Amino acid sequence: MICLSNLVFPKRALGETPNANSGFTLVELLAAIISVVVVLGAATGFMITAMARQKAVLEASQLEAIHSQLAASMSDAMKTADDFQIFPDTTRLPASIQTPYGGGVPAGKVLSCRRAAIQRDFEFKDGASGSGEIIQTTTGFNGTPVVKAYAGVQPAAAGIFSMENGLLQAHWSVVTSMERLDFNVYGTPLNMR
Amino acid sequence: MIAGFQFRPHAVFNTPIRRVVRRSLGGGGHADTPTRTYSAAGFSLIEVLASVLVLSIAALGVTAVWALADQKALYVRLDNCATRILNEYAELQNFAPSYVADSQSSFDETGGVPLKPGESRQGYLYHPRNSDGRNEPAFLNEFPYQISFDNAGGGVLSLTYQRNPGDPASKVVATLNLNSQ
């Protein structure tokens, strides 16, 4: 005969020795399921948080590596230049490599460096969200420009390119989802050393 | 035939979910009717809770590993930042006109003023986002560093910081010889 009381009220109490016919009761099963769900839920939450943070760290590291590459390229252009000039914007840039630079400004948003018929221009463009980007344009013998863009740039308050204290320099910050990274580039062209 | 069946009590609702069946593979029992032993005992609540406790400790261990990995990643970023600052100062020391260091009394990072021999300057390696809700200032200054210039041997730049603020044992010193570049 079916005894329903065994389902609702288990005979075996906590701490008693289980008899040969006892297995899980409904209460034990529910307690186990709830406990496992709580533990797995907490572990999943930790894992999702850790993965999101790891993604943010990876993006920040990639942005840092990209801007380190830009800083190295800028430093190389500064130090190996035969001629250079700082302009307030790109409208003052000469139309061709053969055209002399003309007058510049002590601090501005555009740096142009020339060496052996190769011109490298670095231009800061303001963005809508407060940060902008640096556009690097390399023009060679064939006149075809190669353009690279570096996003997430915040220029220093004094301006991004300057000739402060007789030293050609660039200062900007990169804003990632985690932190702010400051970049400073110094160099003196060959003809100034 | 029918007399051979035996009905166990509570056969439907009280049947354990896990049933251990042991069959003797050799020796005991008849050849045509193998011996079966039913052990109907399942897990008790204490056993289940103990297993959940062990699982919880394992989960906490995994999260502790994540925290450790996070800390190591931060240390790597600090080292990278220290190396970058040292390289920037090396360029500054090499290319800035020497008279600037003597003529400037205050330091501005965007001014391009090199270090004088024996002089040291302070700064911060890490600028995390401010998450206090007001976001003012937007970025914080953490992990202070000190960079100094020694003219001996052609010039040596030294950058010092502590990985764990307040723990002198975690001090890190990175140096760069200007002549070796």
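The values are calculated or read from the model by the stated rules, or taken from the named source; none is laboratory data. For clarity, every value in this text was computed on a predicted model and none was experimentally measured. Counting neighbours? That spans all protein chains shown, and the Cβs are built from the backbone with ideal geometry, glycine included.
Okay, residues lined up against (1) farther than 30 Å from residue A:137 by Cα; (2) exposed (fewer than 14 other Cβ atoms within 10 Å of the Cβ); (3) of a type in the set (D, E, K, R); (4) under 18 Å from the mean Cα position of the chain (by Cα):
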position: A:33; (1), (2), (3), (4): yes, yes, no, no
position: A:43; (1), (2), (3), (4): yes, no, no, no
position: A:48; (1), (2), (3), (4): yes, yes, no, no
position: A:52; (1), (2), (3), (4): yes, yes, no, yes
position: A:63; (1), (2), (3), (4): no, no, no, yes
position: A:66; (1), (2), (3), (4): no, no, no, yes
position: A:80; (1), (2), (3), (4): no, no, no, no
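Within segment B:122-140, one or more residues are at pLDDT 85 or above and farther than 23 Å from residue A:155 by Cβ. Here residue A:71 fulfils each of the conditions (1) under 17 Å from the mean Cα position of the chain (by Cα); (2) surrounded by 14 or more Cβ atoms within 10 Å (Cβ to Cβ); (3) without any contact (Cβ under 8 Å) to a residue 24 or more places away in the chain apart from (3).
Check A:85, A:136 and return the single one that is assigned to a strand (DSSP E or B), in contact (Cβ under 8 Å) with a residue 24 or more places away in the chain and within 23 Å of the chain's Cα centre (by Cα).
Result of the check over A:85, A:136: A:136.
Residues in segment A:130-175 that are of a type in the set (Ser, Thr, Tyr) and within 13 Å of chain B (Cβ to nearest Cβ): A:131, A:162, A:173. On the stretch given as segment A:163-193, residues that are modelled with pLDDT of 90 or more and among the small types (Gly, Ala, Ser) total 2.
For every residue, the table says whether it meets (1) surrounded by fewer than 16 Cβ atoms within 10 Å (Cβ to Cβ); (2) touching a Ser or Thr at 6+ places or on another chain (Cβ under 7 Å); (3) closer than 16 Å to residue A:72 by Cα.
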| site | (1), (2), (3) |
| --- | --- |
| A:109 | no, no, no |
| A:140 | yes, no, no |
| A:155 | no, no, no |
| A:166 | yes, no, no |
| A:169 | no, yes, yes |
| A:180 | no, yes, no |
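Count of segment A:52-64 residues, restricted to those that are without any contact (Cβ under 8 Å) to a residue 60 or more places away in the chain and at the interface with another protein chain (Cβ under 9 Å from one of its Cβ atoms), is 3.
Can you find a residue that is surrounded by 13 or more Cβ atoms within 10 Å (Cβ to Cβ) and within 14 Å of chain B (Cβ to nearest Cβ) anywhere in segment A:85-94? Checked against the condition, which is being surrounded by 13 or more Cβ atoms within 10 Å (Cβ to Cβ) and within 14 Å of chain B (Cβ to nearest Cβ), segment A:85-94 yields at least one hit. Condition (residue is surrounded by 12 or more Cβ atoms within 10 Å (Cβ to Cβ) and within 14 Å of another protein chain (Cβ to nearest Cβ)) applied to segment B:148-157: is it met by at least one residue? Yes - at least one qualifying residue is present in segment B:148-157. Out of curiosity, is residue A:119 within 12 Å of chain B (Cβ to nearest Cβ), under 22 Å from residue A:192 (Cβ atoms), free of Cβ contacts under 8 Å to residues at least 24 places away in the same chain and buried (at least 17 other Cβ atoms within 10 Å of the Cβ)? So residue A:119 fails the test.
Total residues in segment A:115-146 satisfying the condition of being touching a strand residue (DSSP E or B) at 6+ places or on another chain (Cβ under 6 Å) and more than 25 Å from residue A:190 (Cα to Cα): the figure is 5.
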